[in-house]
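Readers should treat all values here as calculations from the given coordinates under stated rules, not as data from a laboratory. Quantities reported herein were computed from a predicted structural model and do not represent experimental measurements. Here the Cβ is made from the backbone with ideal geometry for all residues, glycine too, and neighbour counts use every protein chain on show.
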Amino acid sequence: MRKQLCILTAVSALFAASCSSPASPSASSAAPVPSSQTEDHSQTEEAVGGWQLMEDETITDELQAVFDKASEGLTGVSYTPYICLARQVVSGTNYALLCSSVTVTAEPKKDFAIVYVNEDLKGNAKILDIVPLEFAGKADTLGKWEVADSPEIYNELSLVFSKGMEGFTGSDLSPCIYLGWQLVDGTNYALLCRKSTVAVKGDTSWAIVTIHEDLDGSAKITDIRDLQIAMPDKEKPAS
């Protein structure tokens, strides 16, 4: 489709204002078996043990080095971190990183995942968990969802998002990552957005937003799903 094949020559002003450019280095990983997303922790709690949403989601050189150290020697899937969603102060620091993933196979398969990384107080790093990202509507039977070739919010998609936001109230949504698209009667787009509640100052979270663009060019938001930042408690005995 033309929208998906267009050259990403410019990133929208909205994207530039709200999100940082993704990091380019990648690392190979056949890390822990992926598990499902849960709803165990607050994303904005700053106390020890709580997940804190990042004000600046940039993958810094230091954080890239932590990721590279954690994924050293792992094979099977190549992960590239784009943004840091949140951090958690424990014995050291845990990081939740949104990454693209590509299988190292004859027919590579693309996807997105949240990779949880721990850096201990001695500077050692390891991957704790990998959770495949289930973006809005991915299991729909109306049409196959395709993972975006690039996470950047290109100009045409930014315009579709702006149309979909017209008349929308209750939350401020800032698109950060283009996740994928689905051909239906028109096109559905899935985007990872930073979500702020208008009525509650400081109430921010990550959300996966689905926007539908009709064949006549009109657009509307059809789904908003909060993204939960959490790791399953693998130490807990099965009941």
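Highest first, please rank the peptides 127-135, 67-75 by the mean number of other Cβ atoms sitting within 10 Å of their residues.
Highest-to-lowest ranking by the protection proxy: 127-135, 67-75.
Extending each Cα 7 Å along its Cβ direction at Asp56 and Lys163, get the distance between those two points in nm, one decimal.
3.6
Which far-off residues, 5 or more places away or on another chain, put their amide H under 5 Å from the one on Leu227, with H placed in the peptide plane?
Trp206, Ala207, Ile208
Length gain on complete extension for the stretch Asn124 to Lys69, per 0.36 nm per residue less the alpha carbon to alpha carbon distance?
19.0 nm
Going by amide H atoms built from the backbone, whose H comes under 5 Å of the H on Ala148, apart from near neighbours?
Gly180, Trp181
Whole-Hz ³J(HN,Hα) for each residue in the range 211-225, computed from phi via Karplus 6.51 cos²θ - 1.76 cosθ + 1.60 with θ = phi - 60°, x for glycine and proline: what do you get?
10, 9, 10, 6, 5, 8, x, 6, 9, 8, 7, 10, 7, 10, 10
Equivalent ellipsoid semi-axes for the range 72-197, as square roots of 5 times the alpha carbon gyration tensor eigenvalues: give them largest first, rounded to whole Å.
They are 30, 21, 11 Å, listed from largest to smallest.
If I take R0 = 35 Å and measure r between the Cβ atoms of Asp149 and Val89 in this structure, what FRET efficiency does the formula 1/(1 + (r/R0)^6) give, to the nearest 0.05?
Computed FRET efficiency for Asp149 and Val89: 0.45.
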